[in-house]
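Asks: Take this structure first; my questions come after.
The values are calculated or read from the model by the stated rules, or taken from the named source; none is laboratory data. Note that this is a predicted model, so its numbers are computed, not measured. Cβ placement follows ideal geometry from the backbone for every residue including glycine, while neighbour counts extend to all protein chains displayed.
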Amino acid sequence: MAKTRLGFIGVGGISTGRHLPIFTKMEEVEVVAVQDINNQHALEVSNEFSIPKVCKTPADMYDSVDAVVICTPNKFHAPISIEAMRHGKHVLVEKPMAMTVEECEAMMEAERENDVKLHVAYHYRFMKPAIAAEKIVERGMIGEPLVVRVQGLRRRKVPGWGVFTNNELQGGGALIDYGCHLLDLSMHLMGNVQPIEVSSNAYNRLSRTKSINEWGEFDRENFEVDDHVSAFIRFDNGASMLFETSWSANIPRDREHISISGTNAGLNVFEMTVNQADEDMMTTMSIDYIEVKENYAKLQAQNFIDAVNGHADLKVPSADAMKVSKIIEAIYKSSNENKSVRL
Ligand SMILES: NC(=O)c1ccc[n+]([C@@H]2O[C@H](COP(=O)([O-])OP(=O)(O)OC[C@H]3O[C@@H](n4cnc5c(N)ncnc54)[C@H](O)[C@@H]3O)[C@@H](O)[C@H]2O)c1
């Protein structure tokens, strides 16, 4: 079988730390080109990973690739993805899908019109606890998901590198960078639900106070993105979600938590437990072992390549990633306008 020829656009931290080490080792893949606005850096990366071609623009690689991996700051996800898809290229784009819902819609249109695959790197779906949780929900063990509690909280860990605190390039802070993963996974487990109303507050005060930060230094005086968000989200089937995310929470330790109270039982995702109640007994079942043959990053890469070659469905369809962006946009709007937002 012919190898899938890949090009990388934006080869900073996540490209070199996660995707390139995996894709360059896959037998069915050939990474043939890299491009970055920092051409010198692209050259260094091409040497490090033995990639033959360094391109000046994404368009320069379209003749030689079947698909592209886009790992630029968020602002460029939509325009670069759309251009690549219009050239018939499949796209794996880092999360979030884009900065706005309008951009996500344009990306989905390009995906449809050009009959290509568009995958958004919400990698939490490929993690062991997520795979276990998915099986529990699919087997009907908790019944219908009703009340969902989601927390992605880091204690004093504002990223001090890259462009994570740059509102213009990223479109937000803790929510669009980190909380989006937990929103995606929790909604995936809730099934085919549509958000209908969001009420929220997005703060950026915690990071302005002079205090220790575990992930390096950043410009506190000009800190303009959200560092802590709390929200209440209603869904069309009557389910609801209490959501909280932070880069700089004042809590004893970091906390990642998704629990779903279903009509039959409850599910704690990261603790991997199912909480049941019978007529005369309450029990908690723990999942001691789940067979998963690869780590989440490899599973994500494999799923993309399998989908491109028609051997699998994408694990994260663009419509799901767009739903996450819908909620993100509504959270920022609700907070800015100080009122609930109907979707
Ligand atoms: N899935 C995850 O857990 C995860 C983790 C970190 C970052 N990300 C996402 O990955 C993306 C990149 O993050 P990063 O940490 O690698 O950032 P980074 O700053 O380390 O790298 C970004 C790279 O893109 C290049 N670049 C900037 N504008 C460009 C353009 N217009 N065209 C081509 N190249 C351009 C930069 O020169 C840089 O090399 C972001 O969207 C971020 O949200 C995802």
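Asks: Could you list, in sequence order, the residues of region 1-32 that are touching a Ser or Thr at 6+ places or on another chain (Cβ under 6 Å) and within 13 Å of the ligand (Cβ to nearest atom)?
Replies: Within region 1-32, PHE8, GLY10 meet the criteria.
Asks: Kindly indicate the residue of region 194-213 that is surrounded by fewer than 21 Cβ atoms within 10 Å (Cβ to Cβ) and β-branched (Val, Ile, Thr) and also nearest to the chain's Cα centre (by Cα) among those meeting that condition.
Replies: Here the answer is ILE196.
Asks: Restricting to region 221-270, count the residues that are without any contact (Cβ under 8 Å) to a residue 12 or more places away in the chain and part of a loop (DSSP other than H, G, I, E, B).
Replies: 1
Asks: Can I ask one more? Just for region 86-108: of the residues that are outside any loop (DSSP other than H, G, I, E, B) and away from the ligand (no atom under 16 Å from the Cβ), which one is nearest to PHE8 (Cα to Cα)? Quick ask: steps written out before the conclusion?
Replies: Keep residues of region 86-108 that are outside any loop (DSSP other than H, G, I, E, B), which gives 86, 90-93, 101-108.
With the extra rule that they be away from the ligand (no atom under 16 Å from the Cβ), the set shrinks to 86, 90, 101-102, 105-106, 108.
On the way: ARG86: 17, HIS90: 12, VAL101: 24, GLU102: 25, GLU105: 23, ALA106: 21, MET108: 21 Å.
Per the stated criteria, the residue is HIS90.
Asks: Also: Is there any pair linking a residue in region 109-124 that is within 16 Å of the ligand (Cβ to nearest atom) to one that is assigned to a helix (DSSP H, G or I) and hydroxyl-bearing (Ser, Thr, Tyr), with Cβ under 9 Å and at least six apart or on different chains, and which?
Replies: Close Cβ pairs satisfying both conditions: LEU118/SER81; LEU118/SER318; HIS119/SER318; VAL120/SER318; HIS123/TYR296; TYR124/TYR296.
Asks: In the set PRO79, PRO73, which member is in the same structural domain as MET107 (by TED's automatic domain parsing), within 10 Å of the ligand (Cβ to nearest atom), buried (at least 17 other Cβ atoms within 10 Å of the Cβ) and not basic (Lys, Arg)?
Replies: Working: PRO79 fails: buried (at least 17 other Cβ atoms within 10 Å of the Cβ).
One residue alone meets the criteria, PRO73.
Asks: Another question, then. Out of (1) surrounded by fewer than 19 Cβ atoms within 10 Å (Cβ to Cβ); (2) touching a residue at least 12 places away in the same chain (Cβ under 8 Å); (3) over 27 Å from SER240 (Cβ atoms); (4) not polar (S, T, N, Q), what's the single condition that is false for GLU103?
Replies: Single failed check for GLU103: (1).
Asks: Would a scan of region 35-49 turn up a residue that is more than 11 Å from the ligand (Cβ to nearest atom), buried (at least 23 other Cβ atoms within 10 Å of the Cβ) and in contact (Cβ under 8 Å) with a residue 24 or more places away in the chain? Write out each step before concluding.
Replies: First, the residues of region 35-49 that are more than 11 Å from the ligand (Cβ to nearest atom): 43, 46-49.
Still in the running and buried (at least 23 other Cβ atoms within 10 Å of the Cβ): none.
Within region 35-49 (the criterion being more than 11 Å from the ligand (Cβ to nearest atom), buried (at least 23 other Cβ atoms within 10 Å of the Cβ) and in contact (Cβ under 8 Å) with a residue 24 or more places away in the chain), the answer is no, since none of the residues qualifies.
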